[in-house]
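The values are calculated or read from the model by the stated rules, or taken from the named source; none is laboratory data. Treat the numbers as computed from the prediction; the structure is a model and nothing was measured. Here the Cβ positions follow ideal geometry from the backbone for every residue, glycine too, while neighbour counts run over all protein chains shown.
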Amino acid sequence: MSINVWWIRRDLRLQDNQALQAARSGGAAVLPLFILDPILLKNSAENRRTFLFSSLNSLDEELRRRGSRLFVRKGKPLQVLTELVREINASAIYAEEDYSPYARRRDAEISRHLPLRLTGGVTIHHPSAVVRADGSPYTVFTPFSKAWKSLPAPSRSLISIPEVFVPPPEIDGEHLPVVSQPTGFPASEQEAQRRLQAFAENLIYTYQENRNRLDFDGTSRLSPYLRFGLISIRQLVNTSVKAIENAPDSVAQKSAETWLNELIWREFYMAILYHFPYVLRTAFNASMRNIPWRENQEDLRAWQEGHTGYPVVDAAMRQLKQTGWMHNRARMIVASFLTKDLLINWQEGERWFMHWLVDGDPAANNGGWQWAAGVGTDAAPYFRIFNPVLQGKKFDPEGAYVRRWVPELAHVPNDSIHEPWLMSADQQRAASCQIGVDYPAPIVNHRQARERALSAYRR
DNA sequence: TGAAATGTTGGGGCG
DNA sequence: ACGCCCCAACATTTC
């Protein structure tokens, strides 16, 4: 009987898995393999490692329930696979294609030596398929999304979970590191399914208005699961399409369409990274590579630790450090603050986010930062500068988000919660919050910082 | 997926 | 009744 390797990379799921399906074709036995690649492990952040290992443990449990198990080996993938293929006399290696520069180099090298077969699955459409008639890639989101939508829709039926695996041979492998469950994001396929189901019942129909609210859980919170493939993008897209069709009214329909667009943004940035891998090193827009950034460690530190004196910024940065996740609206606010108000290089923000985010993905994170800094594809114009006070008032009107993450401000009244420095000495005493002692005064004056950013960007 | 500055309009107070 | 001013509300332009 022939045996295939199912090389698991960012498809940690049994449901709707094209690589797994391909590996089982012809009734072959499947060896589920995860490779602990020292290069990837060195670059990955602790929150993502915890989520990854926890996900692998739960995947292993699921496999054991079906008469199989997960094999883990450590080392350079080419070397690991070469040895393994010889050891078990495998016919082929099946894996879901990954479009990041490192993954492409790695897979190209392996393909020269071994029968590596790549399948789709990370995206709905391959980055090279969403291009203009002349084959050139899109660099603006709206035309990209139109082209994306004009391509054949994904199959509406998902690939079901194999009931029984042909047991693979017993071979040696590493043990998975034992980790505690990541807080806030239980790492299992069932959890991802539960979240999607809950979201599809209600929140998807109010997404348009609620997604921006910092003080309300109006988003799906599926990003870590999608990042590591505990759920397939196809299932999410199919869910959004169904919701668009079933929407009770036009507001609900618009909401489901907005959510679908967010999924397309993800594919857009993956395509950008695929076609323009240099964006990981420098601004997409060549005219935006010489902005006179400030090198100010003190301000950078204040931003990172949530001590800028702007409540909504500090709340968001503390949410990130404490939970490994940040609300999307908050990501835009803190990115605008770092790059515009503090005039610090967006790449500092990109690095900090990758260090903490449990959903950190190079394509999406880079795209988001370049967008916010106004240096990327289809970027926000450089003069679009968020006012952290107005953003707070608009999207956290009662200050619930601020109070949750910045306890020093717990007793500050609503009308001062987003500009506590305006409180009188009496009010500060009443709120048990002395500005400059219990909570910092703003490290920059927004009005002046805005002017500084505008003139720096103009240069 | 902004915010600030500037322009326009129209109602009300007032001489 | 009229002109003038003020200013809020809204619209447009600019960054």
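With respect to (1) assigned to a loop (DSSP other than H, G, I, E, B); (2) surrounded by 21 or more Cβ atoms within 10 Å (Cβ to Cβ), the lone exception for A:Phe383 is condition (2). The set of residues in the range A:358-384 being under 12 Å from the mean Cα position of the chain (by Cα) and within 11 Å of DNA strand B (Cβ to nearest atom) consists of A:Ala364, A:Gly367, A:Gly368.
Here's the yes/no breakdown for (1) outside the structural domain of A:Leu114 (by TED's automatic domain parsing); (2) of a type in the set (S, T, N, Q); (3) surrounded by fewer than 24 Cβ atoms within 10 Å (Cβ to Cβ):
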{"residue": "A:Trp7", "(1), (2), (3)": "no, no, no"}
{"residue": "A:Arg13", "(1), (2), (3)": "no, no, no"}
{"residue": "A:Leu20", "(1), (2), (3)": "no, no, no"}
{"residue": "A:Ala23", "(1), (2), (3)": "no, no, no"}
{"residue": "A:Leu36", "(1), (2), (3)": "no, no, yes"}
{"residue": "A:Ile39", "(1), (2), (3)": "no, no, yes"}
{"residue": "A:Asn43", "(1), (2), (3)": "no, yes, yes"}
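When the criteria are applied in full, A:Val164 fails the requirement of being closer than 22 Å to A:Asp11 by Cβ, at pLDDT 95 or above and either in the same structural domain as A:Gly360 (by TED's automatic domain parsing) or over 21 Å from the mean Cα position of the chain (by Cα) (or both).
Of all residues in the range A:323-353, those that are within 17 Å of A:Trp405 (Cα to Cα) and among the small types (Gly, Ala, Ser) total 2. Would the range A:417-431 turn up any residue that is among the hydroxyl-bearing types (Ser, Thr, Tyr), buried (at least 19 other Cβ atoms within 10 Å of the Cβ), away from DNA strand C (no atom under 16 Å from the Cβ) and over 30 Å from the mean Cα position of the chain (by Cα)? No, that holds for no residue.
Given the condition under 24 Å from A:Ala379 (Cα atoms) and touching a Gly at 6+ places or on another chain (Cβ under 7 Å), answer yes or no: does some residue in the range A:298-306 qualify? No, the range A:298-306 contains no residue that is under 24 Å from A:Ala379 (Cα atoms) and touching a Gly at 6+ places or on another chain (Cβ under 7 Å). Assigned to a helix (DSSP H, G or I), more than 16 Å from DNA strand C (Cβ to nearest atom) and surrounded by fewer than 21 Cβ atoms within 10 Å (Cβ to Cβ), is that true of A:Val389? Yes: the conditions hold for A:Val389.
Inspection of the range A:434-445 identifies at least one residue that is surrounded by fewer than 16 Cβ atoms within 10 Å (Cβ to Cβ), within 14 Å of DNA strand B (Cβ to nearest atom) and under 16 Å from A:Phe337 (Cα atoms). Say whether the condition of being of a type outside the set (S, T, N, Q) and free of Cβ contacts under 8 Å to residues at least 60 places away in the same chain is met by at least one residue in the range A:14-30. Within the range A:14-30, one or more residues are of a type outside the set (S, T, N, Q) and free of Cβ contacts under 8 Å to residues at least 60 places away in the same chain.
Mind checking which residues of the range A:221-235 are buried (at least 24 other Cβ atoms within 10 Å of the Cβ) and not in a loop (DSSP other than H, G, I, E, B)? The answer is A:Pro224, A:Tyr225. Take the conditions (1) small (Gly, Ala, Ser); (2) more than 26 Å from A:Lys146 (Cβ to Cβ); (3) within 16 Å of DNA strand B (Cβ to nearest atom); A:Ser223 misses just one of them, which is (2).
Taking the criterion of being surrounded by fewer than 21 Cβ atoms within 10 Å (Cβ to Cβ) and either outside the structural domain of A:Gly306 (by TED's automatic domain parsing) or assigned to a loop (DSSP other than H, G, I, E, B) (or both), the residues of the range A:404-416 that qualify are A:Ala410, A:His411, A:Pro413.
One residue stands out among those in the range A:407-420 that are in contact (Cβ under 8 Å) with a residue 24 or more places away in the chain and in contact with a Gly (Cβ under 7 Å, 6 or more places away or on another chain): the one that is nearest to A:Asn212 (Cα to Cα), which is A:His418.
Please enumerate the residues belonging to the range A:32-69 that are at pLDDT 95 or above and outside any helix (DSSP H, G or I). Within the range A:32-69, A:Pro32, A:Leu33, A:Phe34, A:Ile35, A:Leu36, A:Asp37 meet the criteria.
Taken as a whole, the condition of being within 16 Å of DNA strand C (Cβ to nearest atom) and without any contact (Cβ under 8 Å) to a residue 40 or more places away in the chain applies to A:Gln448. Taking each residue of the range A:378-390 that is closer than 17 Å to A:Tyr457 by Cα and looking for partners that are within 11 Å of DNA strand C (Cβ to nearest atom) and hydroxyl-bearing (Ser, Thr, Tyr) with beta-carbon atoms closer than 8 Å, six or more apart or interchain, yields A:Tyr382/A:Tyr457; A:Phe383/A:Tyr457. Here A:Tyr401 meets each of (1) under 30 Å from A:Ile291 (Cβ atoms); (2) touching a residue at least 12 places away in the same chain (Cβ under 8 Å); (3) outside any loop (DSSP other than H, G, I, E, B); (4) away from DNA strand B (no atom under 13 Å from the Cβ) with one exception, condition (1). For the range A:336-349, a residue qualifies if it is surrounded by fewer than 22 Cβ atoms within 10 Å (Cβ to Cβ) and closer than 30 Å to A:Ala187 by Cα, and the qualifying residues are A:Gln347, A:Glu348. Exactly one of these conditions fails for A:Asp107: (1) touching a residue at least 24 places away in the same chain (Cβ under 8 Å); (2) buried (at least 17 other Cβ atoms within 10 Å of the Cβ). Give me its number. A:Asp107 satisfies all of (1) touching a residue at least 24 places away in the same chain (Cβ under 8 Å); (2) buried (at least 17 other Cβ atoms within 10 Å of the Cβ) except (1).
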